[in-house]
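Before any comments, here is the structure.
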Amino acid sequence: MSSEWPIVRLGDYVDACLGKMLDAKKNKGVPQPYLGNSNVRWGRFDLDDLAEMRFEEHEEERYSLRPGDLIVCEGGEPGRCAIWDGEPGMKIQKALHRIRPKHGLDNYYLYYWFLHSSKLGLLEPFFTGTTIKHLTGRAIAELQIPLPPPSIQTVMTAVLRSLDDRITLLRETNQTLESIAQALFKSWFVDFDPVRAKSEGRVPEGMDEATAALFPDSFEMSELGEIPRGWRIGNVKDLMYLNKELVNPLTMATSEFQHFSLPAFDQGQMPVLELGGEIKSNKIRIPVGAVLLSKLNPHIPRVWLPSEIGENAVCSTEFLPLSPSSSTTSTFVYCLLRSNELSTAICQLVTGTSNSHQRVKPQAILDLVHIIPPSEVVAAFDKAIAVLFDKLRISRVQIGSLTSMRDSLLPRLISGQLRLPDAEAEIEALTA
């Protein structure tokens, strides 16, 4: 039990260091990719947008990662962390700590301890700074953690990892489903493959005769170049509109709200349910069928199509709830906002001087010039991808259930209140 586990100083059980300072004028050596704060999520890494800096040969050992290293955010969301399982040699910036457990401390046990402590706010007394919080190397060394015997650490983390492995598998499946939907969107609305096929006397691939008949067999010139004949040019606001209704927390004293926030979004979790009295700032109401787009840091695309929206759904004011126009659908709007073409155009609208403070103005997005396809083609697209989005919704519910189970087991396992056989029985009952 936890009362029998010693409380130890973390610095005595790990080798830790900060990454390299980003200084283009002083840094020398060979350019190499590195991880920054934005690349670290809870339990995983986002490697889609890696920057580079110069590293010299004598810096290789200090700033290179090994499989099994725990990478912890120094700022941003201090304590957010993940275990590196990629190839050796990836570098880190000074915004991150590299923590390498010594004998007697399991790296996954330490990861779950950080996750547990972050959820309960146990790390906050160790933060420095008033407006921007930091978790320094000195503070990490002074953290006090319970240390179960290695055998218990191993079994404990195996139980929790079994849930996280299933969550990861579902997320990977979702990525595959989304990739299929995006590929079809690109084929129909960016590359115009059905129109090209018909213009060359070929039958469009992968569609029935009725759907193929919705596409013209030729192109015409427009201000955006060649577009299918009969389609028109307009603005993004012809395809979607923005909901601006603010909800004052003083009116939410007793209601439960679905609350979408950036941290929950980045973790791929279902929205949290909060009592109105716990929500301290104005929120934007989310209409049924709306798609959420973050206006913060558009170089990290955040687009979300909520599976089920109740009458009390709200989101942070950093999100734009965009509803489909009368001629489009929610899934079309979602795929459009996720497309590389529109994402690139939105990134060109940013204001602000640093990545951490870049935003886009909603009206600037709505005013972007865009192709307006016929509503019949949009409806056919919606029908074609419906089964994909049905699977996505089911998978998200499963992810939510597994995440809730893990978050329920985590504090009881860390504290020693729940014995391992009981935890395994609870998991078996959930996943049976």
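Per-structure values
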{"quantity": "Low-density loop cleavage sites - GluC sites (Glu not before Pro) in the range 21-99, where at most 15 other Cβ are within 10 Å (DSSP)", "calculated": "GLU56"}
{"quantity": "Per DSSP, loop trypsin sites (Lys or Arg not before Pro) in the range 371-424 with at most 13 further Cβ within 10 Å", "calculated": "ARG419"}
{"quantity": "Acute angle (nearest 10 degrees) that the helix 107-120 long axis makes with the longest principal axis of the chain, alpha-carbon atoms", "calculated": "80"}
{"quantity": "Segment GLU205-PHE219, extension gain: residue separation times 0.36 nm, minus the distance between their alpha carbons", "calculated": "3.2 nm"}
{"quantity": "Segment VAL369-THR317, extension gain: residue separation times 0.36 nm, minus the distance between their alpha carbons", "calculated": "16.2 nm"}
{"quantity": "Relative contact order %, the range 159-260, counting alpha carbon pairs below 8 Å whose residues are six or more apart", "calculated": "13"}
{"quantity": "Rotationally averaged projected area of the range 312-383 (alpha carbon convex hull; nm²)", "calculated": "6.2"}
{"quantity": "Interchain or long-range residues, amide H under 5 Å from ALA82's placed H", "calculated": "GLY43, ILE71"}
{"quantity": "Sorted peptide list for 194-203, 336-345, criterion being average Cβ within 10 angstrom, highest first", "calculated": "336-345, 194-203"}
{"quantity": "Per-residue HN-Hα couplings for the range 283-290 [Karplus 6.51, -1.76, 1.60; θ = phi - 60°; Hz; x = Gly/Pro]", "calculated": "10, 9, 6, 9, x, 4, x, 6"}
{"quantity": "Correct choice for P(r) over Cα pairs in 20 Å bins from 0, in percent that was computed from the model, options (i) 22, 50, 26, 3; (ii) 24, 52, 22, 2; (iii) 19, 31, 22, 17, 10, 2, 0", "calculated": "(i)"}
{"quantity": "Phi-based couplings in Hz for the range 373-390 (Karplus 6.51, -1.76, 1.60; Gly and Pro marked x)", "calculated": "x, x, 4, 5, 6, 4, 5, 5, 4, 4, 5, 5, 9, 4, 5, 5, 6, 5"}
{"quantity": "5 angstrom amide H check on ALA313, placed H, neighbours 5+ away", "calculated": "GLN258, ILE286"}
{"quantity": "FRET efficiency, SER408 to ARG62 (Cβ-Cβ, R0 30 Å, nearest 0.05)", "calculated": "0.15"}
{"quantity": "Virtual spin-label span in nm between LEU250 and THR154, 7 Å along Cα→Cβ", "calculated": "6.0"}
{"quantity": "Accessible surface of the chain, 1.4 Å probe, proportion on carbon and sulfur as whole %", "calculated": "52"}
{"quantity": "Net charge of neighbours whose Cβ lies under 13 Å from the Cβ of PHE185, counting Lys and Arg as +1 and Asp and Glu as -1", "calculated": "-3"}
{"quantity": "Computed E for SER415/ASP85 - FRET, C-beta separation, R0 25 angstrom, nearest 0.05", "calculated": "0.35"}
{"quantity": "FRET efficiency for GLN144 and ALA379, using Cβ-Cβ distance with R0 set to 60 Å, rounded to 0.05", "calculated": "0.50"}
{"quantity": "Rounded to whole Hz, the Karplus (6.51, -1.76, 1.60) HN-Hα couplings of the range 330-336, x for glycine and proline", "calculated": "4, 5, 5, 4, 4, 5, 5"}
{"quantity": "Descending Cα extents along the principal axes, the range 84-232, whole Å", "calculated": "71, 38, 32"}
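The values are calculated or read from the model by the stated rules, or taken from the named source; none is laboratory data. Worth saying up front: this structure is predicted, and the values here are computed from it rather than measured. Cβ atoms come from the backbone with ideal geometry, glycine included; neighbour counts cover every protein chain shown. Areas reflect the complete protein model, heavy atoms only, side chains present, ligands, DNA and RNA absent. Shrake-Rupley method; radii C 1.70, N 1.55, O 1.52, S 1.80 Å.
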